[in-house]
1. Suppose we filter the range 67-79 for residues that are without any contact (Cβ under 8 Å) to a residue 24 or more places away in the chain and open to solvent by less than 30 Å² (accessible area, probe 1.4 Å); how many remain?
2. Restricting to the range 28-55, what's the tally of residues that are open to solvent by less than 60 Å² (accessible area, probe 1.4 Å) and either charged (D, E, K, R) or not in a loop (DSSP other than H, G, I, E, B) (or both)?
3. Counting just the residues of the range 82-117 that are among the basic types (K, R) and over 12 Å from I33 (Cα atoms), which one comes out modelled with the lowest pLDDT?
4. Can you name the number of the only condition in (1) open to solvent by 50 Å² or more (accessible area, probe 1.4 Å); (2) closer than 25 Å to A13 by Cα; (3) touching a residue at least 24 places away in the same chain (Cβ under 8 Å); (4) not in a strand (DSSP E or B) that W100 fails?
5. Going by the conditions given, is S117 over 11 Å from the mean Cα position of the chain (by Cα), in contact (Cβ under 8 Å) with a residue 24 or more places away in the chain and loosely packed, with under 14 Cβ neighbours inside 10 Å?
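The values are calculated or read from the model by the stated rules, or taken from the named source; none is laboratory data. Source: prediction; values computed, not measured. Here the Cβ is made from the backbone with ideal geometry for all residues, glycine too, and neighbour counts use every protein chain on show. Surface accessibility is based on the protein's heavy atoms, side chains included, excluding ligands, DNA and RNA. Shrake-Rupley method; radii C 1.70, N 1.55, O 1.52, S 1.80 Å.
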Amino acid sequence: VQLQASGGGLVQAGGSLRLSCEYSGDTPSIKAIFWYQRAPGKQRELVASIGSGGSTNYADSVKGRFPISRDNAKNTVYLQMNNPKAEDTAVYYCNARAGWGRTSEYWGQGTQVTVSS
């Protein structure tokens, strides 16, 4: 499984930005896709996830602001960043858990999001 994250950039607080994670390879084996953030000086944190059946989970800090969705026809998962705050500034990574027996983890490259206040 390969992952390609894109869509980062500079956004004003209160604006919006959409991140994309395009996945390829053995896509039917993907069980869930996750978005993580790594803010400056902090550890990587889980932001949101979406399962193969469409179930979603969110960190409390983004609940109600950053909906996650997927377009199976485009093999892409989106993270819609609405009303971002300065503390959302981070490098965002997409991650996939996949496998037919043993589950493996796959990472895309990060995409930088900078929120200006």
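1. Residues of the range 67-79 that are without any contact (Cβ under 8 Å) to a residue 24 or more places away in the chain, as a first pass: 67, 69, 71-73.
Those still in the list that are open to solvent by less than 30 Å² (accessible area, probe 1.4 Å) too: none.
So the count comes out to 0.
2. Taking the range 28-55 and keeping what is open to solvent by less than 60 Å² (accessible area, probe 1.4 Å), we get 29-30, 32-37, 39, 47-51, 54.
Subset that is either charged (D, E, K, R) or not in a loop (DSSP other than H, G, I, E, B) (or both): 29-30, 32-37, 47-51.
Result for the range 28-55: 13.
3. If we filter the range 82-117 for residues that are among the basic types (K, R), which is where we start, we get 85, 97, 102.
So of that shortlist, the ones also over 12 Å from I33 (Cα atoms) come out as 85, 102.
Details: K85: 97, R102: 94.
This residue is R102.
4. Here W100 clears every test but (2).
5. Details: over 11 Å from the mean Cα position of the chain (by Cα): yes; in contact (Cβ under 8 Å) with a residue 24 or more places away in the chain: yes; loosely packed, with under 14 Cβ neighbours inside 10 Å: yes.
Yes: the conditions hold for S117.
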